[in-house]
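**Student:** One structure follows; several queries about it will come next.
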Amino acid sequence: MGYLPVPLKQLIEHFSALPGIGRKTAQRLAFYILDMPEEQAKGFAKAILDAKTSIHNCKICQNFTDKEICDICDSPERDPSVICVVEDPKDVMAFERLQEYKGLYHVLHGLISPLDGIGPESIRIKELLQRLQNGDVREIIMATNPTIEGEATAMYLSKLLKPLGYKVSRLAFGIPIGGELEYADNVTLNRALENRTEL
């Protein structure tokens, strides 16, 4: 790759640093960008910068939004008595694809993983506890992935919340152990949601 111009090499390096993008795909994307009309390339670059500067966490659920409060938390159609706790915003997207779940969400932005130095204070548990102080919530669904870290986080939160009088349930998993919610098909995810069990 020594014959490539430096800006093209840098573009390939940036693409190959993205998750799931191998070297050949990174090269194809870089060449695709070079073949774009200049205005389209500028629009693409602007979209990246705009997303980076205008997207932040909803002050209620911690999901990504470009407003103070996200559309889900702001919707009068949602049931505020049920909160589905997920690891990251991609999991919210997975549930919203179903168009079945009508409650609210809370995004942890990570899972408890002592081996990686991630304790309860490193994820958005404090924000969840603050939300619960308004007294509207009756059920909290633990929808973390069925991994060791996901199970540890769900159990930690269950032990924290059950003594406070909340019903804490866990998704029933037709989702395989070690699987990722974002890759689950709609039928499997819906069945897991419907057959959740109390912890």
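The values are calculated or read from the model by the stated rules, or taken from the named source; none is laboratory data. Keep in mind it's a predicted model, so treat the numbers as computed, not measured. Here Cβ is always computed from backbone atoms with ideal geometry, including for glycine, and neighbour counts include all displayed protein chains. Ligands, DNA and RNA are excluded from the accessible area calculation, which covers all protein heavy atoms including side chains. Shrake-Rupley method; radii C 1.70, N 1.55, O 1.52, S 1.80 Å.
**Student:** How big is the gap, in Å, between the Cα center of region 131-175 and the Cα center of region 69-129?
**Tutor:** 11 Å
**Student:** Give me a comma-separated list of calculated 3J(HN,Hα) values for region 8-14, in order, Karplus coefficients 6.51, -1.76, 1.60 applied at θ = phi - 60°, integers in Hz, x for any Gly or Pro.
**Tutor:** 5, 4, 5, 4, 4, 4, 5
**Student:** Using a simple spin-label model with points 7 Å from Cα along the Cα→Cβ vector, what separation in nm is obtained for GLU38 and ALA17?
**Tutor:** 2.7 nm
**Student:** Skip the ligands, DNA and RNA, and give the accessible area per residue of the chain with a 1.4 Å probe, whole Å². Walk me through the numbers on the way to the answer.
**Tutor:** Numbers: 11800 Å² over 199 residues.
Here the per-residue accessible area is 59 Å².
**Student:** List every residue whose amide H lies under 5 Å from the amide H of HIS106, counting only residues 5 or more places away in sequence or on a different chain, with H placed 1.01 Å from N in the peptide plane.
**Tutor:** CYS84, VAL85, VAL86
**Student:** Read phi for every residue in region 133-145 and hand back ³J(HN,Hα) as whole Hz from Karplus 6.51 cos²θ - 1.76 cosθ + 1.60, θ = phi - 60°, with x for Gly and Pro.
**Tutor:** 5, 7, x, 7, 7, 10, 9, 10, 9, 7, 10, 6, 4
**Student:** While we're here: Explain nothing, just compute: Karplus ³J(HN,Hα) = 6.51 cos²θ - 1.76 cosθ + 1.60, θ = phi - 60°, for every residue of region 30-40 in order, whole Hz, x for Gly and Pro.
**Tutor:** So the Karplus estimates, Gly and Pro as x, are 4, 5, 5, 4, 5, 7, 5, x, 4, 5, 5 Hz.
**Student:** On to the next question. For ILE118 and ILE55, what is the calculated FRET efficiency with R₀ set at 22 Å and r taken between the beta-carbons, to the nearest 0.05?
**Tutor:** 0.45
**Student:** Here are labelled values, [x] 59; [y] 30; [z] 42, and one is the computed percent of Cα pairs over 27 Å apart for what I pasted. Which one?
**Tutor:** Correct label, based on the coordinates given: [z].
**Student:** Let me ask another. Could you check which residue among LEU115, LEU128, LEU157 shows the biggest mean-square fluctuation in a GNM of the chain with a 10 Å Cα cutoff?
**Tutor:** Of LEU115, LEU128, LEU157, the Gaussian network model singles out LEU115 as fluctuating most.
**Student:** Further question: How high is the relative contact order of region 1-151, in percent, with contacts defined as C-alpha pairs under 8 Å that are six or more residues apart?
**Tutor:** Relative contact order for region 1-151 comes out at 18 percent.
**Student:** From the square roots a ≥ b ≥ c of the eigenvalues of the alpha-carbon gyration tensor of region 86-149, which class results: rounded (a/c under 1.5), prolate (a/b over b/c), or oblate?
**Tutor:** Details: a/c = 2.40, a/b = 1.24, b/c = 1.94.
Because a/c hits 1.5 or more and a/b fails to exceed b/c, region 86-149 counts as oblate.
**Student:** Which entries of LYS52/LYS162; LYS24/LYS126; LYS24/LYS52; LYS9/LYS52 have Cα-Cα distances beyond 32 Å here?
**Tutor:** LYS52/LYS162; LYS24/LYS126
**Student:** So if I take the alpha carbon set of region 1-45, get Rg, then get Rh from the Kirkwood formula, what is the Rg over Rh ratio?
**Tutor:** Result for region 1-45 is an Rg/Rh of 0.98.
**Student:** Counting only DSSP beta bridges with both residues in the chain, tell me the antiparallel percent, nearest 5.
**Tutor:** On the way: 5 of 18 bridges.
Once the DSSP bridges in the chain are tallied, antiparallel ones form about 30 percent.
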